[in-house]
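So the structure is just underneath, and the comments pick up after that.
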Amino acid sequence: MNRLLSSCVLLLAMHFPAPAFPEETARPPLAPQRSHLDRRHGVDRQDPWFWLRDRKDPAVMKYLKAENDWTERQLAPVKKLRDTLTLEMRKRIKETDVSVPVFQGGYHYYHRTEGTQEYGIHARRKGTMDAPEEILLDENVRAAGHDYYSLGELNPGPDQVIASFTENTDGTDLYTLRFKNLTTGELLADEIPKVPFGDAGAWASDNQTLFYVLADDTLRPDRLMRHVLGTPVSEDVEVLREKDPAFNLGAFRCRSGAYLIAESGSRDTSECFFLDAAHPAEKWRMIQPRETGLIYRVDHHAEDFYIVTNADGATNFKLVKTAVSQPGKSGWKDVMPYDPAVFVRYVEPFETWMAIETREQGLPVLRLHDFATGHQRTVGFPESSYAMESGDNPEYGARSYRLYYSAQITPYRVYDISATSGELTLLKQKEVPGYDPAPYVVERLEARAADGVAVPISIVRRRDTPVDGSAPLLLEGYGAYGISSDPWFDPSLLSLLDRGFICATAHIRGGGEFGRIWYEAGRREHKVRTFTDFISCAEHLIARHYTRPDRLCARGASAGGLLIGAVANLRPDLFRALVAGVPFVDCVNTMLDDSLPLTTGEYEEWGDPGEETAFRRILSWSPYDNVKPQTYPALLASGGINDTRVAYWEPAKWVAKLRQENQGKAPLLLWTNLDTGHGGASGRFAALDETARDFAFLLMVLDHREGGK
C-alpha cells in the first residue's frame, strides 16, 4: 500500500530553502524589450515583448530554453519531492488493464494497456469475447520514434472492414487521416493531411465513401469533402463550404444509419444539412436556414428528425421533432416543452427509445423516453454530487445505454442502464491501486457573488484535515464556453490531499453547470463575473476557515489560465501561489489578429475588438494588459511550442511583464514544453511529471512539510 495512504502521520520535516546559485545565475533570464506600438480606437499600447511571437528568431528559442533552465534550477530543492510525487501518481495507475467492450456490427471493440507501455492497444473479437483477438491499432507501434503521439479517432465503417483513423505527432490540432483494412491489417494508400482536431469523418452506407472536414489557414473547419477509397485525394469533391469566419463545419452519421448530418455553427447560430447515407453522391439538403441567434442540433429516428433548439425564446433549450419530409422550423413540434430550470443538452435516438441528457440543479440528469408511450423515466444515481457522460452506444437496436460516471471520491465507473426499467448495471469500476475512499469527505458550499447569485463550490478533503484556517487549499476553476467543471475523480489530487491540502472547484459563471443561462451570465459583456465569482468563492472559503490567504493556491488551464491571470491582477492579496497552464492571457493582441488560429470564432465568446466597445471591455480585464506595479503571488506558468489554441508566447510575454512590475519577491516561473502543444505531454505516464512539477512548486512555495497521512 502507498505509504501516504497509511493512517500514520509521517514527519519527515523536509523544508525547502531558497536555492543557492552562483552569482551569475542568481537572477531569471531577461527578455529584452523592443519597442512595439499598437494604436487602436484612440488607445496607444506599448508591447515591448511582442517580438517573442517570432518563432523564427533564434533569440526566441534561446530565451525559452533559458527560462526552462531557470525553472528547473528554482525547483531543484524539491527534485526529490517531485520524483516522489510522480512515483505516487504512477502507482495509482493499473498498468495492465482492459476497457469494457463495446458491441458494434457483430464485434466487441475494446482497448487495453500493457505493463509500462505509454499508449493503448485497440482490438476486437467477433461475436463473443471468447473469440480470437484481432489487434486493430497499437498506439505504441505508431508512436515509436516520436516524442509525442495522439490518436484522434478510430472510426470503423458500417461493414466493420475499413476504418478511418487520425493521428498526430507534433501536438498541434492538425491530424493526418488514414485508412486501414481491419480484416487484413493492410494500411491503405489513401492519406489526407491536415484534418483539424482529429475528426475521422462520417461514413456513407457504401463503405467506400467518407465525408471529412478541412480547415482554412486559421484552423477553422470550413470545407466538407467527399473521398472515395482508392481515388486520389486531389480528386476529392467539396460538398459544402462555410464562408462566414465565425462558423465551423462538421459532420456525423446518425445512429440509425439512414442519414448523415452536417452542422455549420457559431456559438450563437447554427445551420444543418442532411444527406441520405445510401446515396453519397447526391446533394446535401438544408434542414432550417440560419437565423441569427437560432441554435439547433439534429438527430434522426424513423420518419422524423429530433432537434434540440433554443427556438421561441428557449434559452436553456427544448426538444422538438419534425418530419424528414418537412424539416424546416415551421414543422417543429414540442416533445419536451421549454422549462428554464431544465437545460436540454442532447438526445440520442435508438430504435424504440431515446436517451435525453439534461442538466438540472447544477447536475447532469439522464431521461429515458419510450417512443411507443411517450413516457419518460429519470435515472437515479448513487451520490448527491457526481459527473456523468454518455459512453459508446453505436447500435441502433440497443436495449441498454452505456454511461460513464464518477464523483470526487468515486473512481470512474462504467454502467449499462436498462432502457425499460432504468436499472443500473455496474460493468467496471476503474481500479486505483492503494486507494481507499474512507478517509475522504466531500462537501458542497455556496458562495454569494457580488451581485447576490449563489455560486457552488465542490470540496474534497481528508476527514482529519482541520477546518480552522490552517490547511493549504487548492482552488480550481474554468468558467468559459459553457463547459461545466463537473466533479470527476482525479487520482493525482490524492498526493495533495494526503499532505493536508483541501481541494476545491469553483463552479463559476461562464461555465455550463446551470445551462446556457449560466454561460450567458459569464461571457462577452458579462465576462468579468467569471473572475469576481472566483474571488467570491476564495473569500467564502477563507471566511468559513477552510484556509487563509497565505495558504490559498489557485490553478487553471487555457481559459482557466485566463481566469488565473485576471484574479492575479484583481486580488493578488488573496493567494499565495498560482499555477496557470497554457493560459490565454494576451487577450487583446490575440483577438486583434484574425490570422491566428481560432480567433474569429472566438468573437462571440469574448467580443470582437475591432468594435471599440468590445475592445475597451476586453482591454479592461485582459491579464497581460492589466499587469501593474503590485505584489504578485508566486506563479508557475506553462506553454507548448506547438500550441495552436493558446500560442506559446502568451505565457512567455505575461511572465516577462509580471517580472518587470512585481514589487514582491515570490518566484515567477515559466516552463515551455518544446515538443508538444495545448495538451502537454502525451502518454499515460509521461504527463505525470508535469502534474508533479506543478504540485512540487506549490509545496515549495508554501514551505510545506513532506508530511502525509
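Computed from the coordinates by the stated procedures, all read-outs in this text should not be read as laboratory data. Only a predicted model underlies this, so the values are computations on that prediction, with no experimental measurement involved. Glycine gets a Cβ as well: all are built from the backbone with ideal geometry, and neighbour counts include every protein chain shown.
Quick look at the numbers
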{"read-out": "Positive-end residue, region 583-706 charge dipole about Cα centroid, Cβ charges, pick of SER622, ALA666, PHE584", "value": "ALA666"}
{"read-out": "For region 567-709: rounded, prolate or oblate by the Cα gyration tensor [a/c cutoff 1.5]", "value": "oblate"}
{"read-out": "From phi via Karplus (6.51, -1.76, 1.60), per-residue ³J(HN,Hα) for region 279-289 in Hz, x at Gly/Pro", "value": "10, x, 7, 6, 7, 5, 10, 6, 8, 9, x"}
{"read-out": "Interatomic Cα distance distribution for region 341-431, bins of 10 angstrom, percent", "value": "16, 52, 28, 4, 0"}
{"read-out": "Per-residue ³J(HN,Hα) for region 128-134, Karplus 6.51 cos²θ - 1.76 cosθ + 1.60, θ = phi - 60°, Hz, x for Gly and Pro", "value": "9, 6, 8, 6, x, 7, 10"}
{"read-out": "Residue exposure sequence - HIS507, HIS36 - by fewest surrounding Cβ within 10 Å", "value": "HIS36, HIS507"}
{"read-out": "Residues whose placed amide H lies under 5 Å from that of TYR107, excluding near-sequence neighbours", "value": "GLY127"}
{"read-out": "Dipole in debye (nearest 20) - region 530-649, about Cα centre, beta carbon charges: Lys, Arg +1; Asp, Glu -1", "value": "840"}
{"read-out": "Contour excess over end-to-end distance, with Cα ends at ARG125 and VAL441 and 0.36 nm allotted per residue", "value": "109.6 nm"}
{"read-out": "Whole-angstrom gap from region 172-239 to region 255-287, using each part's C-alpha centre", "value": "17"}
{"read-out": "Local net charge near VAL582, Cβ-Cβ under 10 Å (Lys/Arg +1, Asp/Glu -1)", "value": "-1"}
{"read-out": "Residues VAL528 and ILE483, FRET efficiency given R0 of 25 Å [Cβ-Cβ distance, rounded to 0.05]", "value": "0.85"}
{"read-out": "Sorted largest first, extent of region 45-140 alpha carbons per principal axis (Å)", "value": "65, 35, 24"}
{"read-out": "Packing-based exposure ordering (other Cβ within 10 Å, fewest first) of ASP586, ASP550, ASP206", "value": "ASP550, ASP206, ASP586"}
{"read-out": "Distance violations [Cα-Cα > 30 Å] among LYS283/LYS333; LYS56/LYS194; LYS94/LYS527; LYS283/LYS329; LYS194/LYS527; LYS126/LYS428", "value": "LYS94/LYS527; LYS194/LYS527"}
{"read-out": "Protection-proxy order for peptides 364-373, 576-585, 321-330, each taking the mean of Cβ atoms within 10 Å per residue, highest first", "value": "576-585, 364-373, 321-330"}
{"read-out": "All-pairs alpha carbon distance profile, the chain, 20 Å steps from 0, percent", "value": "16, 51, 31, 2"}
{"read-out": "Segment SER384-VAL161, length gained on full extension (0.36 nm per residue, minus Cα span)", "value": "75.9 nm"}
{"read-out": "Distance histogram for region 308-366 (every C-alpha pair counted, 10 angstrom bins, percent rounded to whole numbers)", "value": "23, 50, 24, 2"}
{"read-out": "Gained length - HIS146 relative to ASP217, 0.36 nm times residue gap less alpha-carbon distance", "value": "23.0 nm"}
{"read-out": "Region 111-197: Cα Rg divided by the 2.2 N^0.38 Å rule of thumb", "value": "1.12"}
{"read-out": "Helix-only CD estimate at 222 nm, as mean residue ellipticity for the chain, using -39500 (n - 2.57) per DSSP H run (n ≥ 4)", "value": "-5000 deg cm²/dmol"}
{"read-out": "Mean-position separation - Cα centroids, region 571-640 and region 520-562, in angstrom", "value": "15"}
{"read-out": "Simple label model, 7 Å out from Cα along Cβ direction - ARG55 to LYS79, nm", "value": "3.0"}
{"read-out": "For GLU153, distant residues with modelled amide H under 5 Å away", "value": "THR166"}
{"read-out": "Mean-position separation - Cα centroids, region 144-160 and region 471-489, in angstrom", "value": "30"}
{"read-out": "Label-point separation in nm, THR184 to ARG112, each point 7 Å along Cα→Cβ", "value": "2.7"}
{"read-out": "Projected label distance in nm at ASP206 and ASP464, using a 7 Å step from Cα toward the beta-carbon", "value": "6.9"}
{"read-out": "Ranked packing of 434-446, 517-529, most packed first, by mean Cβ within 10 Å", "value": "517-529, 434-446"}
{"read-out": "Burial ranking of peptide ranges 86-94, 231-239 (average Cβ count within 10 Å, highest at the top)", "value": "86-94, 231-239"}
{"read-out": "Calculated P(r) of region 453-520 - Cα pairs past 16 Å, %", "value": "50"}
{"read-out": "J(HN,Hα) series, region 381-395, from Karplus relation 6.51 cos²θ - 1.76 cosθ + 1.60, nearest Hz, glycine and proline x", "value": "10, x, 10, 7, 9, 7, 10, 8, 8, 5, x, 8, 9, x, 8"}
